[in-house]
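Reviewing the structure listed below.
All of the numbers you see were taken from the coordinates with simple rules; none came from a lab. It should be emphasised that the depicted structure is a prediction, and the values quoted were computed from it without experimental measurement. No Cβ is skipped: glycine too gets one built from the backbone with ideal geometry, and neighbour counts run over all protein chains shown.
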Amino acid sequence: MTVQVARPMWARTSLTSSLFAGLTAIGLSALLLGFIDFALLPWSSGVRDDLVFVEGVSSAWVFVFAGLLAWGRRPNNRLGAIMAFAGFAFLLDLFSTFTNGALLALGVITTTLPLAAVVHLLLAFPTGTLRSRLARWTVIAGYLVCLVLQSPLYLFGPAGAPLAVADRPGLLKAGTWVQRGAGLLVMMVTTYILARRWRDSSHRARRVLGSLYIYGVFAVLFVPISAEVIAREFTVNPYLLYFAQTLELAVVPVLFTVAVLRGGFARTGEAHELASWLAADASRPPVLVHGLATTLGDPSVELVYWSADAEHYVDDGGSTARLPADNETRAVQEIRVESRLVGALIYDTTLNPEPKDVAAIGRVVALAVDRERLTAELGASREELRRSRARIVEAGNRERRQVALALHDGLQGRLVMLSIRAGRIASAQDVTGATEVEAAKLRVELDEAAGELRDVVHRIMPAALIERGLAAALEDLADRTPLPTTLSMTLSEERLPADVEGLAYFVVAEALTNVLKHADAGQIAIAVSGDAASIQVRVEDDGVGGAEVNSGVGLRAMRDRVNALDGWLRIEGRPHGGTRVEALLPLHELDPLSTP
Amino acid sequence: VRVIIAEDEALLREGLSLVLTQGGFDVVAAAATADDLLRLTAELQPDLVVTDIRMPPDRTDDGLRAALTLRRTMPQVAVVVLSQHLQRRYAVELLGGSSAGVGYLLKQRIADVEHFCQDLRRVGAGGTALDPDVVAMMVARARTDHRALRRLTPRQQQVLALMAEGRSNGSIARDLVVSEKAVIHHASRIYDELGLPVSGDDHRRVLAVVRYLSEKATDESAEH
């Protein structure tokens, strides 16, 4: 089955075009603010510092435009808005380098605001909402640290500094320490929350979240550490340090945008468009699941179908599917047509925290799921049929074996004993001549009966197969074939599953019987090869050809038995006359208990 | 001759024991498993062991494996293996490098008490006893690809088969109702035709013939 790549399926509606207009306005104001920065920045304090300004404005724009892109692609997800907000915070932040005026004051107040916005962004990823109380309080604390605890730094600054009300170095120092301590605490809690989320996310979600969280943890730690450690221990141009910090933070929106383009975010709320897409395209299971994965922004989403007969869920192959126990990261959404249960969606709660969004999607796909459910049911009954055929073959083999063992252990021994007794009567001292002759004849006949019984047992289940396995049994078979027969085996002497050994042997035996009966052949070649997955047997003769599977009852029965074990058997004429019988037997149901 | 019997079927074990006792053998022990056989043989040091192939513990070729172990570790003990079904592979394995004191017979042969005891005595004395059926199968198979074998006269083929069974010239002569001299004459014609090394020793003769029969025709002498 081919998996189709989802085509762009979102038509432009009036709703999306008004959104587009709004986003454009925001984008334009970001551009404008950036140009104000460019106009008023204290240029010409050195080429290196000028570069820092350019980089600062550029990375702010990166935040804004990456945010707007995410916003446009995922209108119901607030993450894009938060990202754009962080970009504006960076643009305002640059005001703090202006030489004077009201704009400078605004810049001084918002100096550390970008950090709080980045923390908000990291904690709100990927849904745009803050799910845990800890995350909410951490974000609030972040904004408090950056807006309120920042105030002593400018209120008690040296005289002449903007917004300074009193020159109080003591208060300034104390305020700086309090803000740094609180800021560090916020960063550490953020790191802890991200690490915990990454640990708790499902394996597939980790692929999406992993790089973002790891980088996020690095990003939030780098800013305070670089400010505290690098700036103190080494003499670093403060502009250069700012350059590094800004650049490092600017990578965050880039990573998030990559996640957007990969479909890592949830885009809920456009279910009607999904519905029209489903109607337009006859849904095959992989396409349906693929569409759901794209719609929910969750590559790990699974779709299972309810089997009313069996009263459990099945997957699209018809095998029994188990629902995960509801836990922090996996949840189950039942899908119903009217009140009838038809299936369930298993999804990642990290990526889709709102059950009602998933339920809405579930209602949209319900009819398509019902159709797939019928297909899955058909698959299940086919699978059951296959299993039951395999069981019948296995039961047949087991019975053959038991009959052969019973004859071998019981009846043959009794015939030997009877024969001994007949012999003893024949050689007794006190019998008449007639009795002696009769007893001797009886012994010979018992020997003949024993010989016939030996042949029967051999045909049912050859001794070599029980005692030594396939290689020895085929060698014995070739030895007893009254035509020049070559046997080539690339097969270890290791025992294979009894069913497979038996079947391979009987395929060869039946093919040989056919050759001897019909082919008028001069010689026969038997070839057996095998690997860990399957064994292949081939019997070729140089006779008149013309054998077909349907012509011989024996070979037809063999093909049924081979098919039941998931193998194949075919008979074909060889180019220069003769016939080739070929069979492949898979070893997948290898059960160590079944080998003696 | 001191004998140990190994057979897991109680009925057959007792029957065999009775046959051997009446045939003049001293049955010192009877084992029901291959492990018991090895243990009792090491303990009692018999002259001869008579064992079934399919026995506990595994009920596959346990008896044969025990026989091969005895051939290797206690070559002074003669071994006769009995089976319901004969295979060329087992015969070749049992003969190994020497055909001294080894036998491989169909279980049904027990019923012909007189000949059975003769075969056992021959093996006990260091000779060989291969079942006529397994020899016949080997000859039939060898005929398909050894052209030299097809050039032998029917009488020569009879002699060849009896030689492979481990019979002496005297015994072959009695069987075919010919003189021993005639048997020697046939034997040397067979050696010439098949390119076998001449050997007066019965065991070496068995080994050479069986090897010839079970090997593929590769040498030019067999093909010209």
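Each distinct pair of alpha carbons in the protein assembly as shown adds a 1/r term; the inverse of their mean, the Kirkwood radius, is 35.4 Å.
Here A:Lys517 is the anchor, and the lysines within straight C-alpha reach of less than 30 Å, apart from those fewer than 8 places off in the same chain, are B:Lys216. Taking a cut-off of 20 Å between Cα atoms, list the lysines near A:Lys441, but don't count ones fewer than 8 places away on the same chain. Those lysines meeting the cut-off are B:Lys107.
Only the Cβ atoms of Lys and Arg (+1) and of Asp and Glu (-1) were treated as charged; on that basis the dipole of region A:401-481 about its Cα centre amounts to roughly 220 debye.
Close amide H partners of A:Gly343, meaning residues 5 or more places away or on another chain with modelled amide H under 5 Å apart, are A:Trp306, A:Ile335. Between A:Asp309 and B:Glu180, the simple label model (points 7 Å from Cα in the Cβ direction) yields a spacing of 8.2 nm.
Structure remark: mean-square fluctuation, Gaussian network model of chain B, C-alpha springs under 10 Å; the largest value among B:Leu207, B:Leu11, B:Leu86 belongs to B:Leu11. Label-to-label distance for B:Ser98 and A:Arg133 is 9.1 nm, based on points extended 7 Å past Cα in the beta-carbon direction.
If you take the square roots of the eigenvalues of the alpha-carbon gyration tensor of region A:54-103 and sort them as a ≥ b ≥ c, do you get rounded (a/c under 1.5), prolate (a/b over b/c) or oblate? Prolate, since a/c reaches 1.5 and a/b exceeds b/c. Helix B:132-145: angle to the longest alpha-carbon principal axis of chain B, degrees 0 to 90, nearest 10? Between the helix axis and the principal axis of chain B, the angle is about 40 degrees.
Per-residue shielding of B:139-150, expressed as the average number of other chain Cβ atoms within 10 Å of the residue Cβ, stands at 2. Using Cα-Cα distances under 8 Å and only pairs 6 or more residues apart, what relative contact order does chain B have, in percent? The normalised contact order for chain B reaches 15 percent. Counts of other chain beta carbons within 10 angstrom of each beta carbon in peptide A:444-450 average 2. Beta bridges per DSSP, both residues in the protein assembly as shown: antiparallel share near 55 percent. Working from Cα pairs under 8 Å separated by at least six residues, relative contact order for region A:23-131 is 25 percent. In terms of overall dimensions, the C-alpha atoms belonging to region A:17-129 reach 44, 28, 26 Å along their principal axes, ordered largest to smallest. Assuming charge only on the beta carbon of Lys and Arg (+1) and of Asp and Glu (-1), the dipole of the protein assembly as shown about its Cα centre is about 2080 debye to the nearest 20.
Relative contact order of region A:309-408, taken over Cα pairs closer than 8 Å and 6 or more residues apart, is 26 percent. When the alpha carbon coordinates of region B:59-165 are projected onto the principal axes, the ranges are 40, 28, 26 Å, largest first.
Shape descriptor for region A:76-144: Rg over Rh equals 1.07 (Cα atoms; Rh from the Kirkwood inverse mean 1/r). Normalised by 2.2 N^0.38 Å, where N counts its residues, the alpha-carbon radius of gyration of region A:359-495 equals 1.99. Residues of region A:460-495 falling in the label zone of A:Ala406, defined by backbone nitrogen less than 19 Å from a point 7 Å along Cα to beta-carbon, are A:460-463, A:466. Within the shell defined by Cβ-Cβ distances under 12 Å, the residues around A:Thr112 carry a net charge of 0, with Lys and Arg each +1 and Asp and Glu each -1.
Summary of the geometry: region B:122-182 and region A:324-387, compared by the centres of their Cα atoms, lie 77 Å apart. What the Cα atoms of chain B give is an Rg and a Dmax of 17.7, 54 Å. For q values of 0.12, 0.19, 0.21 Å⁻¹, compute log₁₀ I(q)/I(0) with the Debye formula on a Cα-only model of region B:131-206, without solvent. Ignoring solvent entirely, the Cα scatterers give -0.29, -0.76, -0.94. For B:Leu130, the residues whose modelled amide H falls within less than 5 Å of its own, excluding neighbours fewer than 5 places apart on the same chain, are B:Tyr104, B:Gly166.
Rounded to the nearest 0.05, the FRET efficiency derived from the C-beta distance between A:Ala164 and A:Glu334 at R0 = 60 Å is 0.40.
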